[in-house]
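What follows is one structure encoded as structure tokens, with my remarks underneath.
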Amino acid sequence: MDFFKYQGTGNDFILIDDRAKTFPAADQAFIERLCHRRFGIGADGLILLQNDPDYDFRMVYFNADGAEGSMCGNGGRCIVRFAHDLGLFDSETRFVAVDGEHLAMVSDERISLKMSNVSGIDDRQGLTYLNTGSPHVVCFVDDLESFDVVAEGRAIRYSEPFRPGGTNVNFAQVTDANTMFVRTYERGVEDETYSCGTGVTAVALVAHQQLGMSAPVFIRTIGGNLQVSFNQQAESSFDSIHLIGPANRVFAGTITV
Ligand SMILES: N[C@@H](CCC[C@H](N)C(=O)O)C(=O)O
């Protein structure tokens, strides 16, 4: 079975062309092993590209723990680059994922992915929570470089307000009038990732609502730079949300296990 490794600002994924629908998608232990950084290929997640009668393709996402996940923004940008590399479309595409329809545009350097609309930014026991296709908490901190993202993120991820499903946790620091530095603890990876697309999208919307930042918000992550544009419909409702940044193939290989 052939696989392709892609990364989007350091969030890395195993991509499988599963248009024949032969991949063992129900085998959580197998997917977890493929994502394992020592016993497998190593990745934050695994993504299947499947046929769909109404779209250019269907995206099925699995977290590194092998369980099928919610929407993955960086994975969405990577599967768009993968589909373009496969010759499935020229410059614009329309695909379907767990949270519905997505449009995307490809340029040489960047992928612009239209995210699902967001309605509602909640306060859960003093923590800011919203869903951008995946659930996210957003916390503003002062010295993010030295912040213990894993310990602090894990504590929130498993805390009572977010049971039973948990949440991803983003820590953000203002670096200038329209730029944030963001680090993310990711549910289902159960570690800090180099970036999280639905996470930086959540941070951008909260930065607009609470700090007055205007679209597009520029986000620096450990893995690279992203941009989030959006339209605010009402107090905490947003549409025309686009996650913009690079996504590239790293290598290809064959699964023999
Ligand atoms: N890295 C992804 C988020 C993937 C899903 C997340 N781990 C979850 O389980 O909610 C992204 O780029 O959005």
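The values are calculated or read from the model by the stated rules, or taken from the named source; none is laboratory data. All values derive from a computational prediction rather than experimental measurement. Every residue, glycine as well, gets a Cβ built from its backbone with ideal geometry; the counts of neighbours run over all protein chains shown. The accessibility values were calculated without ligands, DNA or RNA, using every heavy atom of the protein model including side chains. Shrake-Rupley method; radii C 1.70, N 1.55, O 1.52, S 1.80 Å.
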**Study point:** Difference of contour (0.36 nm per residue) and Cα-Cα distance, residue 107 to residue 141
**Key:** 8.8 nm
Review point. Which value, in Å² rounded to 10, gives the accessible area of residue 72 with a 1.4 Å probe and all protein chains present?
Key: 10
Review point. When all protein chains stay in place, what accessible area (Å², nearest 10, 1.4 Å probe) is found for residue 110?
Key: 100
Practice item. For residue 140, tell me the accessible area in Å² from a 1.4 Å probe, rounded to the nearest 10. Key: 80
Check your understanding: Taking θ as phi - 60°, what are the ³J(HN,Hα) couplings along region 163-174 by the Karplus curve (6.51, -1.76, 1.60), each to the nearest whole Hz, with x for Gly and Pro?
Key -> 6, x, x, x, 7, 7, 10, 10, 10, 10, 10, 5
Check your understanding: Using a 1.4 Å probe on the protein chains only, how many percent of the accessible area of the chain belongs to carbon and sulfur?
Key -> 46
Practice item. Using the Karplus curve 6.51 cos²θ - 1.76 cosθ + 1.60 with θ = phi - 60°, work out ³J(HN,Hα) for each residue of region 206-211 in order, rounded to whole Hz, and write x for Gly and Pro. Key: 5, 4, 5, 5, 9, 10
Exercise for review: Using a 1.4 angstrom probe, figure out how much accessible area the chain has per residue, in square angstrom, rounded to the nearest whole.
Suggested key: 42
Point to revise | region 121-241: Cα Rg divided by the 2.2 N^0.38 Å rule of thumb | key: 0.97
Check your understanding: When only the heavy atoms of the protein chains count and the probe is 1.4 Å, how do 195, 70 rank by accessible area, highest first?
Key -> 70, 195
Check your understanding: So how far apart, in nm, are the two label points at residue 54 and residue 38 if each is 7 Å from Cα heading toward Cβ?
Key -> 4.6
Revision key, fill the gap. Eigenvalues of the alpha-carbon gyration tensor of region 26-148, times 5 and square-rooted, give semi-axes in Å, largest first, of 27, 21, 15
Review point. Between residue 1 and residue 89, what is the FRET efficiency for a Förster distance of 22 Å, r being their Cβ-Cβ separation, to the nearest 0.05?
Key: 0.35
